[in-house]
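One structure is given here, and the rest of the page talks about it.
The values are calculated or read from the model by the stated rules, or taken from the named source; none is laboratory data. Because the structure is predicted, anything quoted here is derived from the model rather than measured. For neighbour counting, all protein chains shown are included, and Cβ atoms are generated from backbone atoms with ideal geometry for every residue, glycine included.
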Amino acid sequence: MVANPKQQRIDPSKTAAAARQQPKGGKSGRPGAVVPPRAKVRKATIADWVEGARVRTLPLAIAPVALGTAVAYFYEAQWHWVRALLCLAVAVLLQIAVNYANDYSDGIRGTDKYRVGPSRLTGSGAAKPRTVLIVALVFFGFAALAGLALVALTGYWWLLAVGAAAIVAGWFYTGGKRPYGYYGLGEVFVFVFFGLVATAGTMYVQVGAVTLEAWLAAVAAGLLACAVLMVNNIRDAETDKLAKKRTLAVLLGDMPSRIAFAVLLLVPFAILYFYTLIFDKAFYVYFVLLAAIPAVIITLTGKVASEFVIALRLASVTALLFGLGLAAAIVF
C-alpha cells in the first residue's frame, strides 16, 4: 500500500523535539532508550524533626528527675524548683541530642538502609547529614549550658566531669569508629546515665546527699530505661544483623532477649515493695502493671514489628507512670 502525500509529510520541529526527549543510548545499549527519572526524596518537615527527636523516649529523662526531686523533698521538706528544672532540662536535652546523634551516625554508616520501621532523617535522605549533625550538637550544647548553670548555682564544680562524660558517652553510643552501642553496651549507658546519674544526681544537687531511697529509685529507673531500649532493639534485631549492629538483643538471641525485657520491666515492681514499707500510697503504683504486663505478653509472643512498636509504647508509659507515681507517693 502506497502512502499518500499527506502521510509522507514530516514536521521537522516535532522530530527535533522527539530527538531531544530521547537519549542517544543508555546502560541497556538500546539507542533512544528512555531513562526513568529518579524518585524525588521528600524534604523533612517540622513533624519529621519532631519524630526525629523520638518523643516517646523522653519519659526516660523525666521519670528519674521526678524521683530524685521527690526523695530530696522528703528529706528537706522544701522544693528547690530552679535546680529541679535545670536537672530536667539537662536530662531532656541530652536525650534529644543523643537521639539526633544516633540518627546522624546510623545514617552515614548505612545502618538505617535496612530499616523497616519509621524512617530516619539522615537514612531516608529527608535531611542532609550535616544538618542533622548540627542539630544534635546544638542540643548537646543546650544540655551543657543547663548543666553549667546548675553547677554554678550549687558550687559542685566536680559535676562538670560527670556532665562531660554523659555527653561523650551519648555521642559514642553510635558515633565514632567503634561505637559501643554496636557491641551490646547500649543498655550500660542507659542504665548509668538515665538511671543512676539522673536520679541520684538530681537528689544530690538539691540536698547535697544521696540516700538509699534515691539509689533504689535510680536502679528502678535505669532498669525501665533498659527495658525500653531492649524492646526497641528486639524489633530491629533482624535488620541490625544485616547492618552488623550487634545490640544486646542480637547477641542474646530472640527468646533470651524477650525474657530479658520481661525481667528488666518487672524487677522495678519488686523494688517497689521497699517503698510500700515506708510510704502508704506507694502501693498504688502497682496499678502501672496494667501497662507493663501487656507489654511483656506482647513482647514474648509478638511476631511482627508493629506488635513490638505497641510494646515499646507501653514500656515507655510504664517508665513514666512508675516514676511519676512513685514520686507522688513519696511526696504526698
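Restricting to the stretch 224-249, and then to whatever is surrounded by fewer than 23 Cβ atoms within 10 Å (Cβ to Cβ) and hydrophobic (A, V, I, L, M, F, W, C), can you tell me which residue is nearest to residue 193 (Cα to Cα)?
The qualifying residue nearest to residue 193 (Cα to Cα) is 248.
Looking for whichever is free of Cβ contacts under 8 Å to residues at least 60 places away in the same chain, surrounded by 15 or more Cβ atoms within 10 Å (Cβ to Cβ) and of a type in the set (Phe, Trp, Tyr) here; the options are 322, 308, 332, 269. Which one fits?
269
Output the residues belonging to the stretch 289-305 that are part of a loop (DSSP other than H, G, I, E, B) and surrounded by 14 or more Cβ atoms within 10 Å (Cβ to Cβ).
Answer for the stretch 289-305, where residues must be part of a loop (DSSP other than H, G, I, E, B) and surrounded by 14 or more Cβ atoms within 10 Å (Cβ to Cβ): just 302.
Would you mind finding the one in 229, 251 that is farther than 19 Å from residue 105 by Cα, assigned to a helix (DSSP H, G or I) and modelled with pLDDT of 95 or more?
251
Listed residues 90, 82; which is at pLDDT 50 or above, under 17 Å from the mean Cα position of the chain (by Cα) and in a helix (DSSP H, G or I)? Can you show your working first?
Details: 82 fails: under 17 Å from the mean Cα position of the chain (by Cα).
Within the list 90, 82, the selection yields 90.
What number of residues within the stretch 285-308 satisfy the criterion of being out of contact with any helix residue (DSSP H, G or I) (no Cβ under 7 Å at 6 or more places or on another chain), under 17 Å from residue 238 (Cα atoms) and of a type outside the set (Lys, Arg)?
Selection size over the stretch 285-308: 3.
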